[in-house]
């Protein structure tokens, strides 16, 4: 589905709470600022949410790759799988950061 702004959206369920609501659209200048420094507890909560969020999206990408494969779109499936692998790798780094943060707050 395309929105008025030209961005693509897709319906999907999330089984996690949205701790930090945000749109997936960013202004052209790509500024991403916060009004105040984020504390360790908020950082930990946000990282936990993002890890779960990314994991679910990785699973969705792999399902999409399977659909592409079944429709004969082999190269498309390969590119989606490659993207999912990179997404998973990034999420693994977030898991490591989250573990370090939890140790630091004990």
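Since every read-out is calculated from the coordinates, none of them should be taken as a lab result. What you see is a predicted model, and the numbers here were worked out from it, not measured in a lab. With ideal geometry, Cβ positions are generated from the backbone for all residues, glycine too; neighbour counts draw on all protein chains shown.
Using square roots of five times the C-alpha gyration tensor eigenvalues, list the equivalent-ellipsoid semi-axes of region 40-104 in whole Å, biggest first. Before the final figure, lay out each step's value.
On the way: eigenvalues 193, 20, 6 Å².
In descending order, the three semi-axes are 31, 10, 6 Å.
What is the gain in length, in nm to one decimal, between residue 73 and residue 52 on full extension, counting 0.36 nm per residue of separation less the C-alpha to C-alpha distance? Could you put the intermediate results ahead of the total?
Numbers: separation 21, 0.36 × 21 = 7.56 nm, distance 2.86 nm.
In short, 4.7 nm is gained.
Could you put 51, 80 in order, starting from the residue whose Cβ has the fewest other Cβ atoms within 10 Å?
51, 80
Say R0 is 25 Å: what FRET efficiency, to the nearest 0.05, do residue 100 and residue 45 get from their beta-carbon distance?
Values: r = 15 Å, r/R0 = 0.61.
After rounding, the FRET efficiency stands at 0.95.
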